[in-house]
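Remarks on the structure that follows.
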Amino acid sequence: MSNLPADLVEEILSRIPATSLKRLRSTCKKWNALFKDNRFIEKHLCNVPKQLHVLILEGCRLYPTSVDLNAVPPSIEFSDELSLNYSNNSEKVYIDTVFHCDGLLLCTTGEDELVVWNPCLGETRWIKQNDGCLCFRRWIPRFGQFNGRKTKFALGYEKNQFFRSYKILMFWGFDKTGGDLVDGFEIYDFNSNAWRVVNAPNCFVIRSHGVALKGNAYWNAYDDKDSDYLLSFDFTRERFIRLCFPLPSHDCIYTALSVVREELSVLRCIIGSSTMEMWVTNTNCEADLSWSKSFEVDYGFDVYTSLLIDEHKKVALCCSSYFREDRNVVCTLGEEDKYYTEIAFKATYLLRPHIFNYVPSLVQIQQGIESDVFFGKSPRRRWDERSGGGDSETWEDYHAQLQQEIDDMNSAFEEWDGWEIECTDFSSLCRNRGRGWKTR
């Protein structure tokens, strides 16, 4: 390829899967630099074929999963576990929940932590409970549940001209039959290392695992009139949008939302019947969202997650519950009976298997601005570490330097509404709705 023009080489490389490009990083310094360039990463995300890579979260472990539809009945095989380890030791991380966007996995762990992970590149960014992250301390000492509150997270990005700025949406609410009544929201910005409150309507119930498509997040939801609808969160404008499902929901329930090849799909379960229908979007434009029915199947059990794995053969991979038999099932469902097969697991209500489509990517995890202030560390300790505890630099000098750093950060960001920090050796500082700091 050395004789080809550079722009043609780049065009070719942008269409090669990330797992293959990863192996080329060590063979050419120029290519290694190219694969880290935000412009190329954006181009690669747009050009690379949207292949189906199924992952299943089962028993706090994440497994690549393959389905052979040429076998009768189809075979479901799990590959070796995708291992996530703690950065300071080799211990494995127990993953409770996972949310996928652009090859990044947002995971909550058994150790009450939040981590963003790119399995393809092996990069992670940990967001731990600490004094600098008041939303955790104030609302949820443990991820997942506290005083009847349940916490969920979604990963998306703000669209701008040059690159994607990733954000995390956290929302919490109270248990309600069939879902969670949402009553609070906060946004974590990777660039600022800060959480802030988002003003949003709180009169809806989330009843499904969320999915991400083109930077926005989506859920099955219903309102106080028990009307099902598709709920979207726009990470660029930071607002919720209510969208329509294929048909009115007075005689059905919509479940198992998923994304395959830039399309949304959802199961429509007919009330009082064992009939389920798989519907797929015809367009990616939210303003003109339309649906078409892919197929229907007769299946008399609860399906809580699904993934359309073959649109031509009309087959979906599903997670289902057999509560009377105390087991969860991963199965294939299709329009034809020959496509049915299943693998059973012992039923656990809190940690049921979850399947989703994963697309490996070269997206590098933004590490943000490094400042101990964001994480509640003692400024004096940081000063002692720099100066070695000597008198060559006075506390007043360091105080002035720290204030200058704060002023620099202040001028670097445009929106700082609604978050606050604490420093051990200062009086409490809080962020005004505007410019500048004040002591209270």
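The values are calculated or read from the model by the stated rules, or taken from the named source; none is laboratory data. Computed from a predicted model, the values in this text were never measured in an experiment. FYI the Cβ positions are ideal-geometry reconstructions off the backbone, even for glycines, and counts take in every protein chain you see.
Of the listed requirements (1) aliphatic (A, V, I, L, M); (2) without any contact (Cβ under 8 Å) to a residue 60 or more places away in the chain; (3) outside the structural domain of TYR157 (by TED's automatic domain parsing), LEU21 misses just one: (2). Residues in segment 205-242 that are touching a Lys or Arg at 6+ places or on another chain (Cβ under 7 Å) and more than 24 Å from TRP195 (Cβ to Cβ): ASN220, TYR222, TYR229. Among VAL72, VAL48, which is touching a Lys or Arg at 6+ places or on another chain (Cβ under 9 Å) and more than 30 Å from PHE345 (Cα to Cα)? Unique residue meeting the criteria: VAL48. Of the residues ASP180, ASP175, ASP131, the single one that is more than 30 Å from LEU24 (Cβ to Cβ), at pLDDT below 60, among the charged types (D, E, K, R) and assigned to a loop (DSSP other than H, G, I, E, B) is ASP131. Can you confirm whether segment 306-327 contains a residue that is modelled with pLDDT under 85, surrounded by 16 or more Cβ atoms within 10 Å (Cβ to Cβ) and part of a strand (DSSP E or B)? Looking through segment 306-327, at least one residue is modelled with pLDDT under 85, surrounded by 16 or more Cβ atoms within 10 Å (Cβ to Cβ) and part of a strand (DSSP E or B).
Which residues, taken from segment 85-119, are in contact with a Ser or Thr (Cβ under 7 Å, 6 or more places away or on another chain), within 26 Å of LYS214 (Cβ to Cβ) and part of a loop (DSSP other than H, G, I, E, B)? Matches in segment 85-119: ASP102, GLY103. Of the strands (runs of 3 or more DSSP E) lying entirely inside segment 203-257, the ones with 1 or more residues being at pLDDT below 90 are found at 216-222, 228-234, 239-243. The single residue among LYS50, LYS30 that is charged (D, E, K, R) and exposed (fewer than 11 other Cβ atoms within 10 Å of the Cβ) turns out to be LYS30. Counting the residues of segment 1-26 that are closer than 23 Å to GLN51 by Cβ and in a loop (DSSP other than H, G, I, E, B) gives 6. The test for being among the hydroxyl-bearing types (Ser, Thr, Tyr) and touching a residue at least 40 places away in the same chain (Cβ under 8 Å) holds for THR255. Kindly establish whether PHE345 is surrounded by 17 or more Cβ atoms within 10 Å (Cβ to Cβ) and either in a strand (DSSP E or B) or at pLDDT below 90 (or both). Criteria not met by PHE345.
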